[in-house]
Amino acid sequence: AQSVSQHNHHVILSEAASLELGCNYSYGGTVNLFWYVQYPGQHLQLLLKYFSGDPLVKGIKGFEAEFIKSKFSFNLRKPSVQWSDTAEYFCAVIPAFSGGYNKLIFGAGTRLAVHP
Amino acid sequence: DTAVSQTPKYLVTQMGNDKSIKCEQNLGHDTMYWYKQDSKKFLKIMFSYNNKELIINETVPNRFSPKSPDKAHLNLHINSLELGDSAVYFCASSGGQGSNQPQHFGDGTRLSIL
């Protein structure tokens, strides 16, 4: 079965520290990859997505992610976090040729807490 | 202008009751979804409709019945509510059946069963 693993369940950082959240997926074919963020009490918002082309994708709010096909990974990075980045981060996958069955398969999420 | 709106935002009710959650999107999208987020924040798809037609039906108890009166609406009716139904339910929509279409989420409905 397809699955998405996020290695860090809780991450605590100080402001200005660098961030890297790990994401690995298990699926042998082509995939579309997403990172979503959920701020406290809010809905999920799309941070960035990868479909094809340059494996380094840039998203909103200074986030970027790198797709490494050989490692089945799509790690999220930000060089310098801010207190306002405190949120839950979800990695998600949709197999590229899903025949219209576009169910997002989510990882368990990583809770990021940034201290001033 | 809220793109994907759900009502109600909070729903507190007793076991055994029947309740509905409504979802509307004004993005002109063809496809809509229901996801369940449990107490550990784990998100899992429940249903998906494309142009009012059910296309995804995960392993969900048949007490849950989605209804799509038109492509801008996808409601979720739950019969005989159980304690385990307590969760946050998110509606989402996307612009087509292409798997590269990002899904846009509503604010969620927090359902608490007493």
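The values are calculated or read from the model by the stated rules, or taken from the named source; none is laboratory data. Predicted model, so just to flag it, every value in this text is computed and none were measured. No Cβ is skipped: glycine too gets one built from the backbone with ideal geometry, and neighbour counts run over all protein chains shown. In case anyone asks, the SASA skips ligands and DNA or RNA and just uses the protein heavy atoms, side chains included. Shrake-Rupley method; radii C 1.70, N 1.55, O 1.52, S 1.80 Å.
The table below lists the values:
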item: Selection from the stretch A:88-105 of residues that are at pLDDT 75 or above and more than 7 Å from chain B (Cβ to nearest Cβ); result: A:Tyr89, A:Cys91, A:Ala92, A:Val93, A:Ile105
item: Among residues of the stretch B:7-26, those that are within 25 Å of B:Asn100 (Cβ to Cβ) and surrounded by 14 or more Cβ atoms within 10 Å (Cβ to Cβ), counted; result: 3
item: Those residues of the stretch B:75-108 which are more than 7 Å from chain A (Cβ to nearest Cβ), of a type in the set (Ser, Thr, Tyr) and either farther than 24 Å from B:Met15 by Cβ or open to solvent by 10 Å² or more (accessible area, probe 1.4 Å) (or both), in sequence order; result: B:Ser80, B:Ser86, B:Ser93
item: Residues of the stretch A:26-35 satisfying the condition of being more than 8 Å from every other protein chain (Cβ to nearest Cβ), crowded, with 21+ Cβ neighbours inside 10 Å and not aliphatic (A, V, I, L, M); result: A:Trp35
item: Matching entry among A:Val114, A:Val81 (being crowded, with 19+ Cβ neighbours inside 10 Å and not in a strand (DSSP E or B)); result: A:Val81
item: Looking only at the stretch B:44-74, and only at residues there that are among the polar types (S, T, N, Q), within 14 Å of another protein chain (Cβ to nearest Cβ) and in contact (Cβ under 8 Å) with a residue 12 or more places away in the chain, the one that is surrounded by the most Cβ atoms within 10 Å (Cβ to Cβ); result: B:Ser48
item: Subset of the stretch A:47-65 (residues that are more than 14 Å from chain B (Cβ to nearest Cβ) and over 10 Å from the mean Cα position of the chain (by Cα)); result: A:Asp54, A:Pro55, A:Leu56, A:Lys58, A:Lys61, A:Gly62
item: Meets criteria (touching a helix residue (DSSP H, G or I) at 6+ places or on another chain (Cβ under 8 Å) and part of a strand (DSSP E or B)) for A:Leu33; result: no
